């Protein structure tokens with residue numbers, strides 16, 4: 001008989017996975033630099049995406065806190081949240 005879990009079976013925490021991808025991007029850029037036209041605008045576009053992502057993450061944490069459930073991937077959930085960013089996606093964090 002298999003044991004049922006009430007939480008995600010996370011192998012690598014999402015912030016660690018994100019950090020791995022960022023490091024890989026920097027290493028690849030050092031090995032294979034891209035000379036793109038209008039490259040000066042790319043950091044601005046990237047910054048806008050970072051701000052949007054942070055706003056989405058903070059809104060998601062706020063909704064989970066309001067619902068009094070955990071934000072930890074290994075924690076047991078106490079309720080299903082369907083408001084805020086969770087109206088559109090299952091895992092905005």
Matching label for the computed Cα extents along the principal axes in Å, out of (i) 41, 38, 23; (ii) 41, 22, 19; (iii) 54, 33, 16, is (iii)
Summing -39500 (n - 2.57) over every DSSP H run of at least 4 residues in the chain and dividing by its residue count gives a helix-only mean residue ellipticity at 222 nm, to the nearest 500 deg cm²/dmol, of -16000 deg cm²/dmol
Between residue 59 and residue 32, Cβ-based FRET efficiency (R0 25 Å, step 0.05) works out to 0.10
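Bear in mind these aren't lab numbers, they're just calculated from the coordinates by the rules spelled out. It should be emphasised that the depicted structure is a prediction, and the values quoted were computed from it without experimental measurement. Neighbour counts are summed over all protein chains in view; Cβ atoms, including those assigned to glycine, are modelled from backbone coordinates with ideal geometry.
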